[in-house]
Structure formats: C-alpha cells, structure tokens
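Comments concern the structure below.
The values are calculated or read from the model by the stated rules, or taken from the named source; none is laboratory data. Predicted model, so just to flag it, every value in this text is computed and none were measured. Every residue, glycine as well, gets a Cβ built from its backbone with ideal geometry; the counts of neighbours run over all protein chains shown. Remember, those area values only see protein heavy atoms, side chains included, never the ligands or the DNA or RNA. Shrake-Rupley method; radii C 1.70, N 1.55, O 1.52, S 1.80 Å.
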Amino acid sequence: QVQLVESGGGLVQAGGSLRLSCAASGGTFSSYAMGWFRQAPGKAREFVAGISWRGGTIYYADSVKGRFTISRENAKNTVYLQMNSLKPEDTAVYYCAARDNIPSYSWNQYNYWGQGTQVTVSS
C-alpha cells in the first residue's frame with residue numbers, strides 16, 4: 001500500500017510560481033508512474049501532468065504546457081510539480097497519484113491518491 005502526501009500549495013499572485021511536492025511511502029516508489037491532477041470547485045478532476053517510473057515519458061495537459069514541469073527523485077521517493085506563470089484558472093486542489101507502468105491521462109487509472117493541496121492564484 002502506497003501513501004502519498006502532497007505539500008507546497010498556497011496563495012500566490014498571478015504570474016507567480018509554486019513548487020508542489022508529493023512524498024511517497026509504503027511501496028516501491030521507483031516502480032510507479034506518477035501523475036498530478038487538479039480539481040476546482042464544481043468541476044471535474046482533470047489531468048495536469050504525468051511521469052513514468054524512470055522519468056523517460058512525460059505528459060502534460062495542453063493548458064499547462066510550457067508553464068508547469070513535472071519531475072521526480074526516486075532516491076527521495078518524491079515527485080514534484082514546478083508551476084510557473086500561474087493564472088487564476090490554475091486555482092484548484094492539486095492531487096498526486098500513482099499507478100503501475102506508464103502514466104495515464106485518466107484519473108480512474110490510478111490506484112493511489114494523496115489528500116490534495118490547495119493552490120489559489122489571485123488576479
């Protein structure tokens with residue numbers, strides 16, 4: 001059983017940056033693909049970024065390409081999401097998730113989830 005804990009969320013002005021972290025425990029982190037998703041109030045959970053177990057395959061949602069960067073440090077059992085040029089529409093609860101093999105765009109393909117961290121971008 002893998003436990004995931006996100007951190008790094010907060011309030012930031014538009015144009016600012018935040019770095020989210022997701023620490024994993026209880027499993028073999030290096031064998032999992034990791035994903036970041038977000039959910040704004042009244043909206044469906046949406047894919048943000050995904051990374052394969054060794055980092056060789058990376059996916060981004062079109063809405064964050066060029067602004068967000070996903071990375072991982074298997075030695076630290078941690079995956080990151082660097083968010084730059086933040087916009088008010090990036091406001092959401094951000095979740096990290098884990099699954100076997102390669103990342104997926106679909107939230108229901110992930111087996112393990114963190115509790116989420118709030119990101120609020122003011123205009």
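What to note about this one:
- Between the amide H of Gly27 and those of Gln3, distances stay under 5 Å, these residues lying 5 or more places away or on another chain, with hydrogens modeled in the peptide plane.
- In Å², nearest 10: area of Lys65 left accessible to a 1.4 Å probe: 120
- Within straight-line cross-link reach of Lys87, lysines at Cα separation under 16 Å, skipping those fewer than 8 residues along the same chain: Lys65
- In the assembled protein chains, Asp100 presents an accessible area of approximately 90 Å² (probe radius 1.4 Å).
- Dipole magnitude of the range 16-123, debye to nearest 20 (Cβ charges: Lys/Arg +1, Asp/Glu -1, about Cα centre): 100
- In terms of accessible area, using a 1.4 Å probe and ignoring ligands and nucleic acids, Thr28, Thr120 rank largest first as Thr28, Thr120.
- Surface composition of the range 41-123: carbon plus sulfur atoms contribute 46% of the solvent-accessible area (1.4 Å probe, protein chains only, all chains present).
- Accessible area of the chain divided out per residue, in Å², using a probe of 1.4 angstrom: 50
- Figure note: Ser63, Ser52, Ser123 ranked by solvent-accessible area, largest first, 1.4 Å probe, ligands and nucleic acids not counted: Ser123, Ser63, Ser52.
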